[in-house]
Amino acid sequence: MVDIVKRTTLMVRSAEVAAHWYESVFGMTRWMDVPFTLSGTQLAAGSKGDQTRLVIMKAVDDVIGMIGLLEWVEPKADAPTEIPQRITFGAPIFVIAATDCVATTERARKAGSHIHCEPHDWTVTGADGRVKAMIGSSFFDLDGYFFEVNQAVA
C-alpha cells in the first residue's frame, strides 16, 4: 500500500481573495467551501473553538493535487504584513504543469503576484534519462506561497 498526497492546505489572509487568485491564475474550481470550528486536537495551529473557513480548490482531479485555503475567521489570525519574495526553509514549492506558461504568468501578474522569474526556455533530464525542452517561470501568490510553472515543449 502506498499513501498519496491528496491535498495541501495553506493558511491564507482571505479565503475569498485566495480562491479568486487560484481560479483566475490556474483555472482551478471550488470543490468545497465550508465554515468549521477547530477541535483543538489534530491541527497544530489555532485553538479549540476557533472559527475558520476552508475552501478547497480542484484542478483536474478530485482526489489528488487539490489546494485547501484555510482562513481564521474568529479570531482573525496574525498574518505577516509583507509578502515574502524569497523561499525560506519549511516553505513549500509548488510545481505546476502549465499548458501555456507565458499566459499563466501574465494572469498571475494581472492578479497582483510578485513575478520572480519571467518565462524562459530551459531543459531538464527526466527520470527516463531523456532531455526535455521546457518553458518555465516562477512567482508568489498573494499570501507568499511560491510556484514554479513549467510547460513541456514538444
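Figures for the structure shown
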item	result
Criterion violated by A45 - all others in (1) under 15 Å from the mean Cα position of the chain (by Cα); (2) under 17 Å from G144 (Cβ atoms); (3) modelled with pLDDT under 95 satisfied	(1)
Residues satisfying the stated conditions in segment 102-136, i.e. of a type in the set (A, V, I, L, M, F, W, C) and part of a loop (DSSP other than H, G, I, E, B)	A111, A127
Candidate set: segment 72-123, residues that are within 30 Å of G46 (Cβ to Cβ) and among the polar types (S, T, N, Q); chosen: the one surrounded by the fewest Cβ atoms within 10 Å (Cβ to Cβ)	T81
Pairs with Cβ under 7 Å, 6+ apart, first in segment 112-128 and more than 23 Å from R86 (Cα to Cα), second surrounded by 12 or more Cβ atoms within 10 Å (Cβ to Cβ) and of a type in the set (G, A, S)	T123/A133
Top-ranked residue of segment 133-154 - restricted to ones that are at pLDDT 95 or above and small (G, A, S), ranked as farthest from the chain's Cα centre (by Cα)	A133
Residue match in segment 26-48 (condition: crowded, with 17+ Cβ neighbours inside 10 Å, touching a helix residue (DSSP H, G or I) at 6+ places or on another chain (Cβ under 8 Å) and over 20 Å from R109 (Cα atoms))	no
Residue list for segment 73-87, filter: in contact (Cβ under 8 Å) with a residue 12 or more places away in the chain and part of a loop (DSSP other than H, G, I, E, B)	P75, A77, A79, P80, I83, P84, Q85, I87
Selection within segment 124-147 - under 16 Å from V25 (Cβ atoms) and either surrounded by fewer than 15 Cβ atoms within 10 Å (Cβ to Cβ) or of a type in the set (A, V, I, L, M) (or both)	L142
Residues that are in contact with a Ser or Thr (Cβ under 9 Å, 6 or more places away or on another chain) and of a type in the set (A, V, I, L, M), drawn from segment 16-33	V25
Enumeration of residues in segment 7-42 that are of a type outside the set (A, V, I, L, M, F, W, C), under 22 Å from N150 (Cβ atoms) and assigned to a loop (DSSP other than H, G, I, E, B)	G27
Number of the condition not met by G40 [criteria: (1) at pLDDT below 95; (2) at negative phi]	(2)
Only listed residue being free of Cβ contacts under 8 Å to residues at least 40 places away in the same chain, in a strand (DSSP E or B) and under 18 Å from A19 (Cβ atoms), chosen from F94, F147, F139	F139
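The values are calculated or read from the model by the stated rules, or taken from the named source; none is laboratory data. Source: prediction; values computed, not measured. Cβ atoms come from the backbone with ideal geometry, glycine included; neighbour counts cover every protein chain shown.
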